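Encoded as structure tokens, the structure appears first; notes follow it.
The values are calculated or read from the model by the stated rules, or taken from the named source; none is laboratory data. Predicted, not measured: the structure shown is a model, and the values here were computed from it. Using ideal geometry, Cβ is built from the backbone for each residue, glycine included, and neighbour counts are taken over all protein chains shown. These accessible areas exclude ligands, DNA and RNA; they are computed on the full protein's heavy atoms, side chains included. Shrake-Rupley method; radii C 1.70, N 1.55, O 1.52, S 1.80 Å.
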Amino acid sequence: MERYSSSMAGAMAVAALLSAKGTAAATVNFTTYRVTPIHYPGLANMDSGDAAGDVFFGMSQLLLPQLCPLDPDFLWCQNRAYLSGGTAWMVYSGFVVVTRDAYGEYEACNPCQGHGTPDGKSDIMPCPKGVPNGTFACESYGDSGPPPPPQCQGGFQIWQEDCLNGTVYKTLDNLDPKEAEGLCCAACSADPTTCAGWNMPQGDNGTKCQLMKEPLVMWNGGQDDSKCKAAEVDHSKYKCWYSNPQYANFAPFCNRSECSCDVIDNHLAVGLEADAMCHEDSMSRRSLERFALKPAASAAAVTPDYWQCSDAVSEACFNGYKPTANCNECATDPTHWPDLQRAGCTKDMIPHLCGANFDTCEAEVKKVCGSSIGQKNACYSCLKANTHEMEMADCTDVYAEYACTGGGHHSSKWETYIEELACHMHGSWYSTTATGECKGKELTPDCWWFIDSEIRTINASCADGKVIEKVQTTRPECWKACPGTDGTNSTSACFLDCLFQTILGNSTTGLAPLDANILVTAFQDAFTKSVDSGGCQAVHAPPVIAAEISGVANGVASPEEITDE
């Protein structure tokens, strides 16, 4: 559970702790790339990525001309509106960053717009007081709202915009408004077999708490329409920093006698999102937990079990969450079949798993379990009770669980391309806050990272073009078959279909995916090779920050302020 403290007080506490313990903890450096309009300098309050992470991000941006008319509320589409409608002079900049070997929570750093508090209707973050539109600012999920009481700091997801409906099995009345939220959490924690969450219909200042059991029903945007407040039981929410395995490397910088850690709470450390925007690993982990799957070879003989078989087949014969082209042969060969049998597989199950289809699976989940979608345990129980129907619909455990939790289908194939590319590249993203940046090139007790060197700044169009050219050399006939000029128009549907299907492959046509390292190498060569050798020319601009370019539309520098060498 995120906790809250004063940034200044937190920085002083961290400095005192590091001074006392010394700063001999291991340091690391990493190469990262940032893509922004040309006038933004440095990495303070910026998101960046390793080569794979930025190839994913850069290629995904090419989809926006097709995606945004269909889904204008998609965050990248909203950002695009504040970057001259997508016509800003975009560049990649490469940096070598030095930091301590402990990474915090990844923060979303995006151009802010307007002032005030979030309205719940837009993903665009309002600008802090005195900060002009277009300035990059960072936020963490769950940062909003006052600090939760101690009883709620572990084991609960406190909702900041939504509320809960469902079955109320116990009501606590006449509570002290100052203690009501904490008493709500305490009462729910004391009844772990029944309580799945709680709702305070009068909000923080109310005197009533409703304890709720499964199935819970999410009231999306409930706090916009009423004074309610709600929380859901979530055992993955850790009460103390040292209880969270993610923060094990923070032991030299945090005090184990205290539940909170200022260096984490104040986001001084570099944030890391591994496998950026790839949800297959988290979906698989949730499926393993929900269906209580056992290791494939844990028993000599077991009762047929479709869900356990699904997990075992995906481990042996899937690429991520999708079956490989030779999945049927893989599953039934002598190397894998004995283990799959021990996992509960039968020969009848294999064609359904190796023919996994999210569309038919999602449709069947909606048909059979539609009334319980989004209600967690109730929907998972429905899946297990209707295993045969899910098998006939070519569900895997991951597909069924994803549909059951309301993951649903993407609004268009363009969003599907984005998620598939994320899982194909397995890149990493970093967030680097201004509060954690060192004033010089030294990690001192009051700072967490600094830029050791800058590699090069190059036009995004050049870097993206180098990657596209490399992809096109492997399958040029696809672009040649596009109608009219679509084969050379990088915003056309045909061009983008060719690009993403060549990268990701197409199991229906037997097209194999392209090795992600080919794309990474092409991207890196754009920075490291000379222009004569196929690299991109360096570009330069005055280090103009957003505050100094007021009056320029959408925070984008005018052509007169930019030089291109």
Output for region 33-75, where each listed residue is in contact with a strand residue (DSSP E or B) (Cβ under 9 Å, 6 or more places away or on another chain), open to solvent by 40 Å² or more (accessible area, probe 1.4 Å) and among the hydrophobic types (A, V, I, L, M, F, W, C): F57, L75
The lone exception for A81 - which of (1) open to solvent by 40 Å² or more (accessible area, probe 1.4 Å); (2) at pLDDT 85 or above it fails: (2)
Qualifying residues in region 465-496 (those that are charged (D, E, K, R) and within 25 Å of D515 (Cβ to Cβ)) - the one surrounded by the fewest Cβ atoms within 10 Å (Cβ to Cβ): E477
Determine, yes or no, whether E401 is open to solvent by 50 Å² or more (accessible area, probe 1.4 Å) and either in contact with a Phe, Trp or Tyr (Cβ under 8 Å, 6 or more places away or on another chain) or over 29 Å from T36 (Cα atoms) (or both). no
Could you check region 151-177 and list, in sequence order, the residues that are open to solvent by 50 Å² or more (accessible area, probe 1.4 Å), part of a loop (DSSP other than H, G, I, E, B) and at pLDDT below 85? Q160, E161
Kindly indicate whether any position in region 272-291 is of a type in the set (F, W, Y), at pLDDT below 75 and open to solvent by less than 60 Å² (accessible area, probe 1.4 Å). yes
Could you give me the residue pairs with C-beta distances under 7 Å whose first residue belongs to region 475-501 and is over 19 Å from E420 (Cα atoms) and of a type in the set (F, W, Y), whose second residue is open to solvent by 30 Å² or more (accessible area, probe 1.4 Å) and not in a loop (DSSP other than H, G, I, E, B) wherever it lies, and which are 6+ apart or on separate chains? W479/Q472
Among residues of region 504-531, those that are more than 23 Å from the chain's Cα centre (by Cα) and not in a loop (DSSP other than H, G, I, E, B), counted: 10
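Go through the residues of region 478-494 one by one and say whether even a single one is farther than 22 Å from N29 by Cβ, among the hydroxyl-bearing types (S, T, Y) and touching a Leu at 6+ places or on another chain (Cβ under 9 Å).
Yes: one or more hits.
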Which condition does P338 not pass, out of (1) outside any helix (DSSP H, G or I); (2) surrounded by fewer than 22 Cβ atoms within 10 Å (Cβ to Cβ); (3) not small (G, A, S), if it passes all the others? (1)
Give E454, E391 a once-over and let me know the one that is in contact with a Phe, Trp or Tyr (Cβ under 7 Å, 6 or more places away or on another chain), open to solvent by 20 Å² or more (accessible area, probe 1.4 Å), modelled with pLDDT of 90 or more and part of a helix (DSSP H, G or I). E391
